[in-house]
Every structure is written in C-alpha cells, then in structure tokens.
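Chemist: Here's a structure for you.
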Amino acid sequence: MKRLIAALILALAFAGMSARAETVGRVLLAAGDVVAVRAGKALPLAAGTMIEDKDTLRTGAASNLQVRFTDSSIMSLRENSELAIEEYRFGGSAGGLEKAFYKLLKGSLRTVTGLIGRTRHENYRIDSVTATIGIRGTHFALMSCQAGSCLNADGSKAKDGLYGGVTDGIVAATTKTGEYRFGAGDAFFAASIDSPVDKLIGPPVFLSDRLEGQKRGGSKKTDSGSGSD
C-alpha cells in the first residue's frame, strides 16, 4: 500500500512538471496597460516578468511592450496589439529542434530575430489572418489593419490588410497565391490570404511606432536591446 501511494505521489509530481509551461523570454520594457493571458487569466506585465510558452501578449491604448526571448530575439508590440506565442522551443543552441511560431492577432510588432530565425528558417514564422511571414534572419515590422484601424498621413483610412517593412535581411510573405520575398528597405502589403503580396513605393506612416506608451510612463528597460522606432 505504501509503495502504491509513493508511486502515485511520484506520478503526480511528474505530471505537474510536464504541465508546467516553459519560460521563453523576459520583459524588457512595459509601458501602459500590458498583460499576458495565461490559462485564461490576464497577468499584468512589468520589466523583468518572465514570459511563458503559449502566452498571449496584449497591449492597451497608448501602451508598449518589449520582450527578449531566450534565443536573443527581441519583439516589440505597439498599442492595441495582440500576439500569441503558439509554439516556442529553444535549448540554448541550434540543435535542430528549436521552434518559434507566433500569431499576430491584431495591431503591430517590430522584431529583431535571434538564433532560431537566423539558423532555422523553416522553424520560424509569424501567422496573421492575411499572410504567413517567414524570414531569413532579419529586422522587420508588421501592422495588421482591421476594420479601418489604420490611418494615412492625411487622416483617411488605409486599406485593411497586412503591411510590412524590412529594415535588414529578407522577409518571405506567403498567401494562397504564392511566396513573395522582400529585402532591406522594402515595404509590402497583403490585402487578403487570397491576394498576392504587393511591393509598396514606401512604408506607410502608420508603420512607424512613436512609442505612445512612453508618455504614460511605465517600467523601464532591464536590459539593452533594440527598441521600436
């Protein structure tokens, strides 16, 4: 009987360990209303807070968030944005099993990719309702415009869809019509998953982040890193 009880306790302990989510990153900067939705609960974020696999990161109005992941990549979210960490795995070196799969549910992000993006191109992607973004080691920004959420310089509403701008490296944007590659200095637009991805003359004004969250204050950076523009 004692052996059975001990075995049950041991099994429950291992089950708890396997169910525990993996820590995948750390908050560098949190300004305004920023949370991680974890197991159905919204957890406020501050500089130094650990981020876990399967977290959904959200920013409110006039808010910003910057996270450094364990492969040294940096992800910055602008106000009113939402990013789901669908699957992230990194063991400290490029061993072939590492993965970084995200989904931009709304809003905008800017990222500088780390070891996974530089060495395992096929194991890195950012999905959206409009297109799937793969990379070849790069620094780029994305903006998902929905229901007239993006405004042009003259105040008119921009077309809904996914906008992107490449600062360094190569971005591969894929829709049902195929894969389209863009290099440093390029800007692009995908109207829908059924449409081709068009190269733009230049990046739209709303693709640049003015860090509105800084005006409200918030936790400062705890580490050096590339911020949003």
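Chemist: Working carefully through the options Leu109, Leu83, Leu77, find the one that is more than 20 Å from Asp168 (Cα to Cα), open to solvent by less than 30 Å² (accessible area, probe 1.4 Å) and among the aliphatic types (A, V, I, L, M). Step through it out loud before you land on a result.
Modeler: Numbers: Leu109 fails: more than 20 Å from Asp168 (Cα to Cα); Leu77 fails: more than 20 Å from Asp168 (Cα to Cα).
Just one listed residue meets the conditions, Leu83.
Chemist: Where in the stretch 15-84 are there strands (runs of 3 or more DSSP E), lying fully within it, with 2 or more residues that are touching an Asp or Glu at 6+ places or on another chain (Cβ under 8 Å), of a type outside the set (Asp, Glu) and touching a residue at least 24 places away in the same chain (Cβ under 8 Å)?
Modeler: Passing ranges, in order: 23-31, 56-59, 64-69.
Chemist: Which residue out of Ser128, Ser81, Ser73, Ser149 is under 21 Å from Pro196 (Cα atoms) and among the polar types (S, T, N, Q)?
Modeler: None of the others qualify; the one that does is Ser128.
Chemist: In the stretch 181-209, which residues are surrounded by 15 or more Cβ atoms within 10 Å (Cβ to Cβ) and outside any loop (DSSP other than H, G, I, E, B)?
Modeler: Matches in the stretch 181-209: Arg181, Phe182, Ala187, Phe188, Phe189, Ala190, Val197, Leu200, Phe206, Leu207.
Chemist: Mind listing just one residue for me: the one in the stretch 40-60 that is hydrophobic (A, V, I, L, M, F, W, C) and closer than 13 Å to Glu82 by Cβ and, of those, surrounded by the fewest Cβ atoms within 10 Å (Cβ to Cβ)?
Modeler: By that ranking, first place goes to Ala42.
Chemist: Still on this structure, I have one more. For the stretch 159-170, what are the residues that are closer than 24 Å to Ser149 by Cα and in a strand (DSSP E or B)?
Modeler: Answer for the stretch 159-170, where residues must be closer than 24 Å to Ser149 by Cα and in a strand (DSSP E or B): Gly161, Leu162, Tyr163, Gly164, Gly165, Val166, Thr167.
Chemist: Here's another thing I want to ask about it. Only one of (1) surrounded by fewer than 22 Cβ atoms within 10 Å (Cβ to Cβ); (2) among the charged types (D, E, K, R); (3) in contact (Cβ under 8 Å) with a residue 24 or more places away in the chain is not met by Arg118, so which one is it?
Modeler: (3) is the only condition that Arg118 fails.
Chemist: Taking Gly169, is it open to solvent by less than 40 Å² (accessible area, probe 1.4 Å), at pLDDT below 95 and touching a strand residue (DSSP E or B) at 6+ places or on another chain (Cβ under 9 Å)?
Modeler: So Gly169 passes the test.
Chemist: While we're looking at this one, here's another question. Among residues belonging to the stretch 131-166 that are within 16 Å of the chain's Cα centre (by Cα) and polar (S, T, N, Q), point out the one that is surrounded by the fewest Cβ atoms within 10 Å (Cβ to Cβ).
Modeler: Thr132
Chemist: Taking the conditions exactly as written (in contact with a strand residue (DSSP E or B) (Cβ under 8 Å, 6 or more places away or on another chain), open to solvent by 20 Å² or more (accessible area, probe 1.4 Å), farther than 24 Å from Ala100 by Cβ and at pLDDT below 95), does Ser219 satisfy them or not?
Modeler: Taking the combined requirement at face value, the residue satisfies it.
Chemist: Going through Gly148, Gly134 one at a time, which residue ends up being within 26 Å of Leu97 (Cα to Cα) and small (Gly, Ala, Ser)? Walk me through how you get there before you give the answer.
Modeler: Values: Gly148 fails: within 26 Å of Leu97 (Cα to Cα).
Only one candidate qualifies: Gly134.
Chemist: Shifting gears a bit: Consider the stretch 86-101. How many of its residues are aromatic (Phe, Trp, Tyr) and surrounded by fewer than 22 Cβ atoms within 10 Å (Cβ to Cβ)?
Modeler: Number satisfying all stated conditions: 1.
The values are calculated or read from the model by the stated rules, or taken from the named source; none is laboratory data. A quick note: this is a predicted structure, and the numbers were derived from the prediction, not measured. Note: ideal-geometry Cβ built from the backbone for every residue, glycine included; neighbour counts use all protein chains shown. Side chains are part of the model used for accessible areas, which takes the heavy atoms of the whole protein and leaves out ligands, DNA and RNA. Shrake-Rupley method; radii C 1.70, N 1.55, O 1.52, S 1.80 Å.
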